[in-house]
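J.: This is the structure I have questions about; it appears just below.
Coordinate-derived values only; no laboratory data. Predicted model, so just to flag it, every value in this text is computed and none were measured. Positions of Cβ are generated from backbone atoms using ideal geometry, with glycine treated the same way; all protein chains shown enter the neighbour counts.
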Amino acid sequence: MRAVIAERPGDESVLRLVEVPDPPVGAGQLLIRVHATAVNRADLLQRRGLYPPPPGASEILGLECAGEVVAVGAGVSGWQVGDRAMALLAGGGYAELVAVDAGCAMPVPPLLSWEEAGGLPEVTLTVFLTLFTLGRLRAGETVLVHGGGSGVGTAAINLGTLAQATIYVTAGSNEKCQGCEALGAHAAFNYRQQDFVAALLEATAGRGADLILDPIGGPYLARNVEALAPGGRLLLIGTMGGRHGELDVAAVLRKRVTIIGSTLRARPSEEKARVVQEFLREFGPALAEGRIRPVIDTVLPLEAVAEAHRRVASSAHLGKVILRVR
């Protein structure tokens, strides 16, 4: 099969489309012929040598995919050859075939295209895990999402709106702010032009956000606490801005703030399977009805993987950058 590998840590020039052996399908697994996958920021970090795959995972890039089931491993029920599947992966998505634990796969609803399905699992399940399972988001609460125009950000707008929460976002341009508001964000703050803390407090009559979803990390730590409402929850999912930050512990105590860190990729397959099942119980009907679908910025062929990485690195995209494999 053809697959994309990074010959060595480096920029987009190290990405190569090469022939590699087909993956075997083991007990409890599905073998999927990939039609589409998507580029996530974790892929850019892995390419640079900064985010290696978990032990035992494929070295091939790609954390999600959608395609046709071509083999079903021993002990797997509920799936058969020919089924349309989308899957959360620990690696291996930038390839024509991928083996995945069956519990990490979901049926592709008829209303979703291959490209939409290929860009759904990673961001949607990340948002579900953080905002709903860990953050305990309830209807009527207020959420601030940093990077509202990203794949995770647009998915947070989608799921949060369905859950009847009020969603505020930050983004890096007026165009992206307008795009986020068109998707359903209550308001979007251009962090290059506005102090997001002041803007949020003004928009919420001084109360702040019940939850903040933050991929930035260190530089926003103290400001996030300032922007939280009493009893608020800060959900850290990345370190795009840096790993270290200062924090006024007294403010955390005074506001009774909860700080939660989470990653999805390194969790054991059985934990990911639970996330998948809980998501389907909560949002399965909305998914089947087409009310949950990723925002697609760009679709490129697998051969244009370097261009896709550059698009994501530029932060100019709104939503997902998709790679069409088949």
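J.: Work out how much length LEU253 to ARG16 would gain on full extension: take 0.36 nm times their residue separation and subtract the Cα-Cα distance, in nm to one decimal.
T.: Result for the pair: 80.3 nm of gain on full extension.
J.: Place a point 7 Å from Cα of GLN178 in the direction of its Cβ. Which residues in region 186-216 have their backbone N less than 18 Å from it?
T.: Taking a point 7 Å out along Cα→Cβ of GLN178, the residues of region 186-216 whose backbone N falls under 18 Å are 186-194.
J.: Moving to a separate point now. Given H placed on each backbone N at 1.01 Å, which residues far from ALA209 in sequence or on other chains put an amide H within less than 5 Å of it?
T.: Distant-sequence amide H within range of ALA209: LEU228, ALA229.
J.: Give me the extension gain from GLN80 to LEU111: residue separation times 0.36 nm, minus the current Cα-Cα distance, reported in nm with one decimal. Before the final figure, lay out each step's value.
T.: Numbers: separation 31, 0.36 × 31 = 11.16 nm, distance 2.00 nm.
Full extension from GLN80 to LEU111 adds 9.2 nm.
J.: If you don't mind, another one. Of the peptides 175-182, 112-119, how do they stack up when ordered by the mean number of other Cβ atoms within 10 Å, highest first?
T.: Final packing ranking: 112-119, 175-182.
J.: Where a ≥ b ≥ c are the square roots of the eigenvalues of the C-alpha gyration tensor, would you call region 25-80 rounded, which needs a/c under 1.5, or, failing that, prolate if a/b is larger than b/c, or oblate?
T.: On the way: a/c = 3.66, a/b = 1.85, b/c = 1.98.
Cα axes put region 25-80 in the oblate bin.
J.: Pairs of Cα atoms under 8 Å, at least six residues apart: use those to get the relative contact order of the chain, whole percent. The partial results should precede the final answer.
T.: Details: 762 pairs, mean separation 61.1, N = 326.
So the answer I get is 19 percent.
J.: Amide H neighbours of ILE296 under 5 Å, counting only residues 5+ apart in sequence or on other chains, H built in-plane at 1.01 Å?
T.: LYS320
J.: Of [x] 33, 21, 18; [y] 33, 26, 17; [z] 39, 21, 18, which one was derived for semi-axes √(5λ) of the Cα gyration tensor in Å from the structure shown?
T.: Here semi-axes √(5λ) of the Cα gyration tensor in Å agrees with entry [x].
J.: Another one. Sort PHE189, PHE283 so that the residue with the fewest other Cβ atoms within 10 Å of its own Cβ comes first and the one with the most comes last.
T.: Ascending number of Cβ neighbours within 10 Å: PHE283, PHE189.
J.: Which lysines, on any chain, are close to LYS320 with Cα under 26 Å apart, when same-chain ones fewer than 8 places away are left out?
T.: Reachable lysines: LYS176, LYS272.
J.: Collect residues whose amide H, placed 1.01 Å from N in the peptide plane, falls under 5 Å from the amide H of GLU64; neighbours closer than 5 in sequence don't count.
T.: For GLU64, the qualifying residues are ALA38, LEU89, GLY93.
J.: Right, next: Relative contact order for region 20-66: what percent, with Cα pairs under 8 Å and sequence separation of 6 or more?
T.: On the way: 30 pairs, mean separation 21.0, N = 47.
After rounding, I find 45 percent.
J.: What helices does the chain have that are whole DSSP H segments, at least 15 Å long along their own axis by Cα, and with mean Kyte-Doolittle hydropathy of 1.0 or more?
T.: Numbers: long enough: 151-162 (17 Å, 1.15); 269-288 (24 Å, -0.31).
Span-like helices, by this rule, are 151-162.
J.: Answer with one residue from THR263, SER113, ALA90: the one whose Cα lies farthest towards the positive end of the charge dipole of the chain, charges on Cβ with Lys, Arg +1 and Asp, Glu -1.
T.: Farthest along the dipole direction, towards plus: THR263.
J.: Let me ask something else. Relative to the present Cα-Cα distance, how much length would full extension add between GLU202 and THR133 at 0.36 nm per residue of separation?
T.: Values: separation 69, 0.36 × 69 = 24.84 nm, distance 2.86 nm.
Between GLU202 and THR133, full extension yields 22.0 nm more.
J.: Of all beta bridges DSSP finds with both residues in the chain, what is the antiparallel percent, to the nearest 5? Write out the running numbers ahead of the final one.
T.: Values: 30 of 56 bridges.
Percent antiparallel among DSSP bridges in the chain is about 55.
J.: Please report the relative contact order for region 124-261, taking Cα pairs under 8 Å with a sequence separation of at least 6, and give it as a percent rounded to a whole number.
T.: Values: 286 pairs, mean separation 28.1, N = 138.
RCO, region 124-261: 20 percent.
J.: Let's see if you can work this out: charge +1 on each Lys and Arg Cβ, -1 on each Asp and Glu Cβ, no other charges. What is the dipole magnitude of the chain about its Cα centre, in debye to the nearest 20? Numbers along the way, then the final one.
T.: Values: 31 positive and 33 negative charges, 104 e Å.
The dipole of the chain has a size of about 500 debye.
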